[in-house]
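Single-structure report; data block below.
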Amino acid sequence: MTASTARRVVAVTSTLLAGALGVMLHASGAGAAATYHDAAYGISSSGAAPIGAIPSVSSTDGATRTGSGAARSSDGTIAIGGATVSAGGGKAKAIVTGFTAFDGLVTASTATATCTNGTTSSSVSGTSAGPIGKRGSVTYGVKIRNSNGSVTVIAMQVKLNAGAGTEAATINIAAATCAAPGGGNPSPTATGEPSGSPTSSPTGSPTASPTSTSSPTGNPTTDPTRSPTEEPTPPANGGSGTPPAPVPTPGKTKVPVTG
């Protein structure tokens, strides 16, 4: 091989290696992109006086989105004077003012829900938590763990029953959703709606991961470095990505509230 041929081989090899390195760096950068599960809304209601999640925003790309507005049920029995919501970058917040329901049976001058990197807090100034009349209840700081690893806090939740445990209406006031850094745990987690004051979220992480003492023989049939992709979440009003906190399914039975 002549000297000039050798130089050409070296040049071509260097170009190919540089291109491969560029592809690897691009793939590495794309894989490192953060995933967010941030959302918030002011009010939602099911039952005899339904209200969609208003106002609501969500963000999965880290960009902060905001919204504001008032809401009222078609029959005028449930309303909020105003709400401001924001979500993005691992944070979510909802502030609601002037909530009233059922001719003033339940009210709140302010209700606030905040979520930051999986840590939640809430506050309410209004009707005390506990039973209302014979068929209703008010709960503060309802916390829900979602299947995508995010957590939702609802500042104030009002429920009315139609007897025999049948739910006639559920009203959520000020809800915020977010996840810890890293996009949350892709494995499903238990959900629930505890009563009373909010409780702290569980802490701690697994102390050990399973290991293997032997390696497979032969050629692998799949790429061991490839991680499973997370199932996409449906868009919500005001932005694409994770929807706000679960909105109750409207019922059909309208039951009068009795004291």
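Compute, for the range 29-152, the length of the dipole vector about the Cα centre, with Cβ point charges of +1 (Lys, Arg) and -1 (Asp, Glu) only. Units Debye, rounded to 20. Intermediate results must be reported in sequence, preceding the final value.
Numbers: 8 positive and 4 negative charges, 45 e Å.
Taking the Cα centre of the range 29-152 as origin, the dipole is about 220 debye.
For the range 125-139, the Karplus equation 6.51 cos²θ - 1.76 cosθ + 1.60, evaluated at θ = phi - 60°, returns couplings of 10, x, 3, 5, 5, x, x, 10, x, 9, 10, x, 7, 10, 10 Hz by residue, with Gly and Pro reported as x.
For ASP38, ASP61, ASP75, write out the residues from largest to smallest accessible area, computed with a 1.4 angstrom probe and no ligands counted. Let's see the in-between values first.
On the way: ASP38 0, ASP61 95, ASP75 65 Å².
Highest to lowest solvent-accessible surface, that is ASP61, ASP75, ASP38.
Couplings for the range 88-93, taken from phi via the Karplus curve 6.51 cos²θ - 1.76 cosθ + 1.60 with θ = phi - 60°, read x, x, x, 10, 8, 8 Hz in order; Gly and Pro are left as x.
The values are calculated or read from the model by the stated rules, or taken from the named source; none is laboratory data. What you see is a predicted model; the values in this text were computed from it and never measured. Ideal geometry is used to build each Cβ from the backbone, glycine not excepted, and the neighbour counts take in all protein chains shown. Protein only, heavy atoms only, side chains kept; ligands, DNA and RNA dropped before computing areas. Shrake-Rupley method; radii C 1.70, N 1.55, O 1.52, S 1.80 Å.
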